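These notes concern the structure reproduced below.
We did not get these values from a lab; they are worked out from the coordinates using the rules stated. None of these values were measured; they are calculated from a predicted model. Positions of Cβ are generated from backbone atoms using ideal geometry, with glycine treated the same way; all protein chains shown enter the neighbour counts.
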Amino acid sequence: MVLADKLKAWCKEHENPKTGEPYNLYKDGLKIYTTIDSRMQQYAEEAVVQHMPVVQKT
């Protein structure tokens with residue numbers, strides 16, 4: 001969600017030279033490259049779900 005919010009803000013601030021309008025994140029064919037490894041992110045989220053009850057007890 002954080003990345004999507006930042007990208008939406010970027011689109012509002014930058015103009016598509018073909019249309020003269022702000023970029024549309026979903027329709028203008030933008031390619032977005034990120035260093036986020038989706039598999040590692042999934043592992044991290046699963047670890048939080050698994051270990052959070054133990055941490056909260058302490």
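Evaluated over segment 9-58, the count of Lys pairs having alpha-carbon atoms less than 26 Å apart is 4 (only pairs 8 or more residues apart or interchain). Each residue of segment 53-58 was assigned a 3J(HN,Hα) from its phi angle through the Karplus expression (A = 6.51, B = -1.76, C = 1.60, θ = phi - 60°), giving x, 5, 5, 5, 5, 7 Hz with x at Gly and Pro. Binning the alpha carbon pair distances of the chain at 10 angstrom intervals from zero yields the distribution 18, 32, 22, 17, 9, 2, expressed in whole percent.
Rounded to the nearest 20, the Cβ-based charge dipole of the chain about its Cα centre (Lys and Arg +1, Asp and Glu -1) stands at 40 debye. Rounded to the nearest whole Hz, the Karplus-based 3J(HN,Hα) values (6.51 cos²θ - 1.76 cosθ + 1.60, θ = phi - 60°) of segment 20-36 follow the sequence x, 9, x, 4, 9, 4, 9, 10, 8, x, 5, 10, 10, 10, 9, 8, 5, with x at glycine and proline.
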